[in-house]
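Trainee: Before we start, here is the structure in question, set down as structure tokens.
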Amino acid sequence: MSQSEELSAYTTFGRSEWAALRFNTPLTLSEADLSALRGLNEPITPAEVADIYLPLTRLLNLHFTAARSLAHVKSAFLGRAPHSAPYIVALAGSVAVGKSTFARVLCALLARWPDHRRVELVTTDGFLHANRVLEERGLMRRKGFPESYDLRRMLRFLSAVKAAKVDLELPVYSHLIGDIVPSEHQVVRHPDILMFEGLNVLHARGTAPMVVSDFFDFSIYLDADETDIQSWYVERFLSLQRTAFQQPASYFHHYRNLPPSDAREVADRLWREHHRANLRENILPTRTRADVVLRKRSDHSVGEVWLRET
């Protein structure tokens, strides 16, 4: 599908046009808050929050309020007590495009609205099969591709969230060791809004009667030119080589002492052979399913916003 065909379903906003939709939504995060929320090599400024995030939180608040009202109407029709399921927001996009920082900042802002103070973030990393399972199935080189996730567990979790069940436990993935940590669990306690972030959250696998996106109320795709994402991936790899890779427990510890030119070559190879393939085959084709697409520029700032109209 060409970009012009994609855009036919969206209204496109330039940065200033989108920023104007903030209206009087207050900026509730300080510089110190942003510093604590930003990720490695993922800059975030108060101007970016004001221009891009705040209009988006206002839109999400309107959608949340409308969804709650509709749920109450349905409960009244059925003659039962109001049932308020968590509102699920999906966030998709490539490795290194900045999803983690974006999700943390957006969750922090949403939690400052009086209508939905309980906001939780869940990443799909916790639904990856453990390395031993991936090795048994010959999928270690496909980690992050759709088939490397425990889809049944993911669907059961989302179904339980929508059924308003509380104290749901899910596994924790460690990026340091590159595996699921058996002794750790994240507990989800019936939030008002659940942010569900991951590479392939908008992907529809095979001919299954139910897909993950069936449970989403709203979806966001964080986008950028492939060349920019590759550059960000390589720079992040080099930064990690100087920090996390130095720890003996790191999955990439064997790369710790590579000369800069060799480290860059390794990062380029990992991008070309793994992450680029996943982006082209599985992630980018799902962009047209998103309600909002945020197009980042080479400096990481969002320059264009697509809002789905149809």
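Trainee: Only one of these conditions is not met by ALA96: (1) more than 19 Å from VAL212 (Cβ to Cβ); (2) hydrophobic (A, V, I, L, M, F, W, C); (3) more than 20 Å from the chain's Cα centre (by Cα). Which number is it?
Mentor: So ALA96 meets the others, but not (3).
Trainee: Let me ask you something else. Within the bounds of the range 257-266, is there any residue that is within 21 Å of the chain's Cα centre (by Cα), over 30 Å from LYS165 (Cα atoms), surrounded by fewer than 17 Cβ atoms within 10 Å (Cβ to Cβ) and at pLDDT 95 or above?
Mentor: No: zero hits.
Trainee: Just a yes or no: is a residue in the range 162-181 in a helix (DSSP H, G or I), in contact with an Asp or Glu (Cβ under 9 Å, 6 or more places away or on another chain) and closer than 16 Å to VAL212 by Cβ?
Mentor: Within the range 162-181 (the criterion being in a helix (DSSP H, G or I), in contact with an Asp or Glu (Cβ under 9 Å, 6 or more places away or on another chain) and closer than 16 Å to VAL212 by Cβ), the answer is no, since none of the residues qualifies.
Trainee: Among the residues of the range 110-120 satisfying the criterion of being among the hydrophobic types (A, V, I, L, M, F, W, C) and surrounded by fewer than 23 Cβ atoms within 10 Å (Cβ to Cβ), which is nearest to the chain's Cα centre (by Cα)?
Mentor: VAL119
Trainee: Considering only the range 68-100, how many residues are surrounded by 22 or more Cβ atoms within 10 Å (Cβ to Cβ), closer than 28 Å to VAL234 by Cβ and of a type in the set (Val, Ile, Thr)?
Mentor: Here the count works out to 1.
Trainee: Right, another one. Is it the case that the range 133-156 has a residue that's touching a Gly at 6+ places or on another chain (Cβ under 7 Å) and of a type in the set (S, T, N, Q)?
Mentor: The answer is no, given that none of the residues of the range 133-156 is touching a Gly at 6+ places or on another chain (Cβ under 7 Å) and of a type in the set (S, T, N, Q).
Trainee: What's the total number of residues in the range 121-144 that are of a type in the set (A, V, I, L, M), within 17 Å of ALA92 (Cβ to Cβ) and either in contact (Cβ under 8 Å) with a residue 60 or more places away in the chain or surrounded by fewer than 18 Cβ atoms within 10 Å (Cβ to Cβ) (or both)?
Mentor: Here the count works out to 2.
Trainee: Quick one: which residue in SER250, SER239 is at negative phi and loosely packed, with under 14 Cβ neighbours inside 10 Å?
Mentor: Of the residues listed, the single one that is at negative phi and loosely packed, with under 14 Cβ neighbours inside 10 Å is SER239.
Trainee: Go over the candidates THR65, THR57 one by one and state the one that is in contact (Cβ under 8 Å) with a residue 24 or more places away in the chain, under 30 Å from SER231 (Cα atoms) and not small (Gly, Ala, Ser).
Mentor: From the options THR65, THR57, the qualifying one is THR57.
Trainee: Can you find a residue in the range 163-170 that is basic (Lys, Arg) and without any contact (Cβ under 8 Å) to a residue 40 or more places away in the chain?
Mentor: yes
Trainee: Same structure again: Inside the range 145-159, can you point out the residues that are more than 14 Å from ARG205 (Cβ to Cβ) and surrounded by fewer than 14 Cβ atoms within 10 Å (Cβ to Cβ)?
Mentor: ARG156, SER159
Trainee: Here is a check on your reading of the model: is ILE52 among the aliphatic types (A, V, I, L, M), modelled with pLDDT of 95 or more and over 18 Å from HIS300 (Cβ atoms)?
Mentor: Against the criterion (among the aliphatic types (A, V, I, L, M), modelled with pLDDT of 95 or more and over 18 Å from HIS300 (Cβ atoms)), ILE52 does not qualify.
Trainee: Among the listed residues GLU42, GLU5, which satisfies the condition of being farther than 30 Å from THR310 by Cβ and at pLDDT below 90?
Mentor: The unique qualifying residue is GLU42.
Trainee: Confirm whether ALA103 is surrounded by fewer than 16 Cβ atoms within 10 Å (Cβ to Cβ), of a type in the set (A, V, I, L, M) and closer than 24 Å to ASP214 by Cα.
Mentor: Against the criterion (surrounded by fewer than 16 Cβ atoms within 10 Å (Cβ to Cβ), of a type in the set (A, V, I, L, M) and closer than 24 Å to ASP214 by Cα), ALA103 does not qualify.
Trainee: Which ranges mark the helices (runs of 4 or more DSSP H) fully within the range 1-117 that have 1 or more residues being over 30 Å from HIS175 (Cα atoms)?
Mentor: The qualifying helices (runs of 4 or more DSSP H) are 3-7, 15-19, 54-78.
Trainee: For the range 232-268, how many residues meet the condition of being closer than 30 Å to GLU304 by Cα and touching a residue at least 60 places away in the same chain (Cβ under 8 Å)?
Mentor: 6
Trainee: So which residues in the range 296-306 are surrounded by 18 or more Cβ atoms within 10 Å (Cβ to Cβ) and of a type outside the set (Phe, Trp, Tyr), if there are any at all?
Mentor: Passing the criteria: LYS296, HIS300, VAL302, VAL305.
Trainee: Name the residue that is surrounded by the most Cβ atoms within 10 Å (Cβ to Cβ), counting only residues in the range 17-44 that are among the hydroxyl-bearing types (Ser, Thr, Tyr) and in contact (Cβ under 8 Å) with a residue 12 or more places away in the chain.
Mentor: In this case the residue turns out to be THR25.
Trainee: Additional query: Filter the range 56-66 for residues that are touching a strand residue (DSSP E or B) at 6+ places or on another chain (Cβ under 8 Å) and not aliphatic (A, V, I, L, M); which is surrounded by the fewest Cβ atoms within 10 Å (Cβ to Cβ)?
Mentor: Among residues in the range 56-66 that are touching a strand residue (DSSP E or B) at 6+ places or on another chain (Cβ under 8 Å) and not aliphatic (A, V, I, L, M), the one surrounded by the fewest Cβ atoms within 10 Å (Cβ to Cβ) is HIS63.
The values are calculated or read from the model by the stated rules, or taken from the named source; none is laboratory data. The model shown is predicted, which means the values in this text are computed figures rather than measured ones. Glycine gets a Cβ as well: all are built from the backbone with ideal geometry, and neighbour counts include every protein chain shown.
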